[in-house]
Amino acid sequence: MEEIRKFDFADSKTVKNIINNYILTEETLVKQLYFTTSHGTTIGGFREDVWKGMFEQIIPKKFVIEKSVFIIDSEGRVSNEVDLAIFDETYTPYIFRYGRLKFIPIEAVAVVVECKSQSLNEKILKNWAESIAALKTSKKSYTRINGRIIVGEKEQNATQTQTRPLRILCCLSERITNNVLENGEKQFDIIVRAPSEKSVIKIEFDPQKELLKDWYLALNHVGYEQKKEQGESVKEKIQIDDGSILGEVKLTDYQVKNEEKNISLLSFNFQFNQLLMLINNPIPFPHIAYAKMFGDIAEGAENHE
């Protein structure tokens, strides 16, 4: 006989089953990451697929995940190779795509992920992060909205002046130094680790960004804090929204715990997606800026050599 359910109470049994599924998923994820054969190259690619699968389980369908891509900006700067790029391809074109070779404009990219095993070269990791941090979004855009045309260079968006992607390191190593970049930021916003002796993943967020306000400013108003420290009245100059409404919300408020133990993957689902909700990617795409950059370089303009 079918059980008669009461719908005015929480379905605790189902919710607990979902929680247990996240715990089992974490265990399976770690086991897959430590699967070994004698073919090192194959294993490296396999681990990237495992990390890719983790992100695919939790990100909204509006985002696409591509492996082994390069990020490019409208000044012609190109990043080091990115293991995983999470981006919104709804309004932004691939700059170049042929088979496995892909160049994606920085304006579209929400997340870049570097996948490593246990061997971490600090200089290489820092150089990779610097290559991403060096890319700049452009305001040179023309976009129709209901009733009018917006010219990006003349009409400042108070909630977004210059964006950047979240930088994530996924690795197996237990000990990691999250070094500081030339712009004063940590090289990685998030470090996802899978220690071999445990069946859980460990997720560390940049401790400099405790509040949602900190993340909002870092991702949507690149350089704001740095200019503020140098004494510039940034808010008055460009009339930005400094995210004060987010000043009391902590990222740790999104943790889900079971008997005081953090359920890492479930917590990460809510924390990561909240950060994605703070990034309004893509911004109106600067097609003309990219066209000019390619034209200048084709003609040998000095400022693009």
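Of N183, S138, W128, which is farthest along the charge dipole of segment 107-191 in the positive direction, counting Lys and Arg as +1 and Asp and Glu as -1 at C-beta?
The Cα lying farthest towards the positive end belongs to S138.
Could you tell me the calculated FRET efficiency between R175 and S244, based on Cβ-Cβ distance and R0 = 41 angstrom, to the nearest 0.05?
Calculated value: 0.65.
Using a cut-off of under 15 Å, list every residue of segment 192-216 whose amide N is near the label point 7 Å from the Cα of Q32 along the Cα-to-beta-carbon line.
Taking a point 7 Å out along Cα→Cβ of Q32, the residues of segment 192-216 whose backbone N falls under 15 Å are 194, 200-201.
Could you give me the ³J(HN,Hα) list for segment 74-83, computed from phi with Karplus coefficients 6.51, -1.76, 1.60 and θ = phi - 60°, whole Hz, x at Gly and Pro?
7, 9, x, 6, 10, 6, 5, 4, 10, 4
Just to be sure I understand: of the beta bridges DSSP finds with both ends in the chain, what percent are antiparallel, rounded to 5?
Counting only bridges with both partners in the chain, antiparallel ones make up about 65 percent.
Please give the helix 12-33 orientation as an angle from the longest Cα principal axis of the chain, in degrees from 0 to 90, rounded to the nearest 10.
70 degrees
Assign unit charges at the C-beta atoms only (+1 for Lys and Arg, -1 for Asp and Glu), then state the dipole size of the chain relative to its Cα centre in Debye, rounded to the nearest 20.
Once rounded to the nearest 20, the dipole reads 420 debye.
Wrap a convex hull around the Cα atoms of the chain, take a quarter of its surface area, and give that in square nanometres. Present the calculation step by step, with values, prior to reporting the outcome.
Values: hull surface 89.4 nm².
Average projection, Cα convex hull of the chain: 22.3 nm².
Leaving ligands, DNA and RNA out of it, report the carbon-plus-sulfur percent of the accessible area of segment 44-114 at a 1.4 Å probe.
It is 51 percent, rounded to a whole number.
Checking the cross-link filter: which lysines have an alpha carbon closer than 17 Å to that of K67, excluding same-chain neighbours under 8 positions apart?
K52, K102, K116
At D49 and N262, where each label point lies 7 Å from the Cα along Cα→Cβ, what is the point-to-point distance in nanometres?
In this crude label model, D49 to N262 measures out at 3.0 nm.
To the nearest 10 degrees, how steep is helix 40-58 against the longest Cα principal axis of the chain, on a 0 to 90 scale?
90 degrees
The values are calculated or read from the model by the stated rules, or taken from the named source; none is laboratory data. Here the structure is a predicted model, which is why all the values come from computation and not from measurement. Glycine also receives a Cβ, built like all others from the backbone with ideal geometry; neighbour counts cover every protein chain displayed. With ligands, DNA and RNA removed, areas are computed over all heavy atoms of the protein, side chains included. Shrake-Rupley method; radii C 1.70, N 1.55, O 1.52, S 1.80 Å.
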